[in-house]
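Below is one structure, written out as structure tokens; the observations come after it.
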Amino acid sequence: MAGRNMSMLSRVIDQPRTLALRRWLFQVHLWTGIIAGLYAIVIGVTGSILVFREEMAEWESSGFSSVPVEPGRAYASPDEWEAAARKLAGPKATLSFVFPEKAGDAVIGGTFSQAGSHRYFFNPYTAQFLGVHARTGGVLTFIEHLHHNLLLGRTGRLWNGIGALALLLLAMTGIVIWWPGRRLFRRRLVIDPRASWKRINFDVHHTVGFWGLSGFVLLCVTGAWFTWPQFFRDTVGRFYPVTAQQAQPKVVRPEGAKVLPLSKLLEAADRAAPGKVTKRAAVPAAGTQPARVNKGGEDDGKPFFRTATTVVLNPYTAEVLKIEGPHTKQAGDRILSWMGPLHFGNFGGLGIKVLYFVLGLTMPALFVSGFVMWWLRVVRKRLKGVRQPDERSDAAAEAVVVELE
């Protein structure tokens, strides 16, 4: 028995092409790649573009996102900012404010709906309207919907999750069939630019697949999280404590009461979370939605939306309904809070975004290079009338590899 186990181990390490399991996994990898190939191209290219959507939005609004610094001059009151934004957005809109982080920044009052978003820019000293950045259509909005739900709404989100699992299967089977044995594995780590184009294509598929594996798996797992967040929550909860999900705080509106001015809500938030700087706020119109004030400090880390302290208020009375933040999160909550940033790459500056941009392009690179290999080794031969049994297709392909290596 020991000798048989050693023989099997030796085959895995030195002669993996002789294993029936590897040939079976090769077929799973091949046909999963063919079926999910178009999805990989679409999701990879659109994802790479969306890595820089914040930068694109900043570029589009660069003409009115800053103002001349006026030393010694005080900002207009938050109520004046709110009045200016309400005049443009209308009385029924929920306003989301982004306050200036440094001198020269404009105040932003935004509105969001299924139809799109508007960001209104104002001079913080005078509350004067500077311009609007509207995203209610266009190429970037199309790309966002294509990446998030494949243009199919909730059904598309489900298919996106299934696609993520298919790509994960590709990654897992790919790393197994990637292993050529101890004698040749170093050759699979680099691309030889002096080789023929067929060999370069082969090298691209195996080298990109190896070096991009961990990032590829990360994108697949976090992508599936958007489709099945409760499954991930339950799974993490088996190992780490997770805060029980709670219903949104109920807003009680006193008879005849109106939504308080923004300044009153900010004062209440300051009392509830002292020592933190107010960075964002959301003020609803009349209704049952609470107001939210996001506060942060220099030592909170990034991205801000993961580390912010959020004060939830009754907009009619300024009563504090709930305070959320890193101090209220358990270990499982902190793990889950990283799923979004790890998928979008918006947590570590320009270098991380460039890495994610390249990582997204590995998906179409792997499909195209794999498709070319399949076409040359299988389809073209069959088109020429050379028929080979399916179970030998992998072996035939590997014979070519041995000659090249």
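Structure values in brief
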read-out: Of the criteria (1) within 21 Å of residue 287 (Cα to Cα); (2) among the small types (Gly, Ala, Ser); (3) not assigned by TED's automatic domain parsing to the domain that holds residue 267, which one residue 93 fails; value: (3)
read-out: Answer residue from the stretch 364-405, given it is of a type in the set (A, V, I, L, M) and over 20 Å from residue 25 (Cβ atoms) and is modelled with the lowest pLDDT among those; value: 404
read-out: Test: residue in the stretch 63-83 that is within 32 Å of the chain's Cα centre (by Cα) and loosely packed, with under 15 Cβ neighbours inside 10 Å; value: yes
read-out: Subset of the stretch 309-330 (residues that are closer than 19 Å to residue 245 by Cβ and in a loop (DSSP other than H, G, I, E, B)); value: 325, 329, 330
read-out: Criterion: in contact with a Ser or Thr (Cβ under 9 Å, 6 or more places away or on another chain) and small (Gly, Ala, Ser) - qualifying residue of 181, 215; value: 215
read-out: Enumeration of residues in the stretch 114-145 that are over 23 Å from residue 49 (Cβ atoms) and among the hydroxyl-bearing types (Ser, Thr, Tyr); value: 120, 125, 126
read-out: Verdict on residue 11 being surrounded by fewer than 19 Cβ atoms within 10 Å (Cβ to Cβ), over 22 Å from the mean Cα position of the chain (by Cα) and among the charged types (D, E, K, R); value: yes
read-out: Sole residue being at pLDDT 95 or above and under 26 Å from the mean Cα position of the chain (by Cα), chosen from 130, 158; value: 158
read-out: Number of positions in the stretch 291-308 that are surrounded by fewer than 20 Cβ atoms within 10 Å (Cβ to Cβ) and modelled with pLDDT of 95 or more; value: 0
read-out: Among the candidates 155, 173, residue that is surrounded by fewer than 20 Cβ atoms within 10 Å (Cβ to Cβ) and hydroxyl-bearing (Ser, Thr, Tyr); value: 155
read-out: Residue count, the stretch 82-124 (criterion: touching a residue at least 24 places away in the same chain (Cβ under 8 Å), farther than 29 Å from residue 71 by Cα, part of a strand (DSSP E or B) and among the polar types (S, T, N, Q)); value: 0
read-out: Among the candidates 333, 270, residue that is closer than 29 Å to residue 232 by Cβ and either in a helix (DSSP H, G or I) or in contact with a Cys (Cβ under 7 Å, 6 or more places away or on another chain) (or both); value: 333
read-out: Within the stretch 218-237, considering residues that are closer than 14 Å to residue 335 by Cα and among the aliphatic types (A, V, I, L, M), the one surrounded by the fewest Cβ atoms within 10 Å (Cβ to Cβ); value: 218
read-out: Filter pass, residue 279 being under 17 Å from residue 78 (Cβ atoms), outside any loop (DSSP other than H, G, I, E, B) and in contact with a Phe, Trp or Tyr (Cβ under 7 Å, 6 or more places away or on another chain); value: yes
read-out: Matching residues, the stretch 113-127, being surrounded by 15 or more Cβ atoms within 10 Å (Cβ to Cβ) and farther than 14 Å from residue 80 by Cβ; value: 117, 118, 119, 121
read-out: Number of the exception - residue 157 against (1) outside the structural domain of residue 215 (by TED's automatic domain parsing); (2) in contact (Cβ under 8 Å) with a residue 24 or more places away in the chain; (3) basic (Lys, Arg); value: (1)
read-out: Subset of the stretch 192-204 [touching a residue at least 12 places away in the same chain (Cβ under 8 Å) and either surrounded by 16 or more Cβ atoms within 10 Å (Cβ to Cβ) or among the hydroxyl-bearing types (Ser, Thr, Tyr) (or both)]; value: 199, 201, 202, 203, 204
read-out: Matching residues in the stretch 312-369 - criterion: being among the small types (Gly, Ala, Ser), closer than 26 Å to residue 55 by Cα and buried (at least 18 other Cβ atoms within 10 Å of the Cβ); value: 345, 360, 365
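Conditions (1) within 21 Å of the chain's Cα centre (by Cα); (2) more than 23 Å from residue 39 (Cα to Cα); (3) among the acidic types (Asp, Glu), marked per residue:
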| site | (1), (2), (3) |
| --- | --- |
| 101 | no, yes, yes |
| 114 | yes, yes, no |
| 168 | yes, no, no |
| 178 | no, no, no |
| 201 | no, no, no |
| 207 | no, no, no |
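The values are calculated or read from the model by the stated rules, or taken from the named source; none is laboratory data. Given the structure is predicted, the values throughout are model-derived calculations rather than measurements. Positions of Cβ are backbone-derived with ideal geometry, glycine not excepted, and every protein chain shown enters the neighbour counts.
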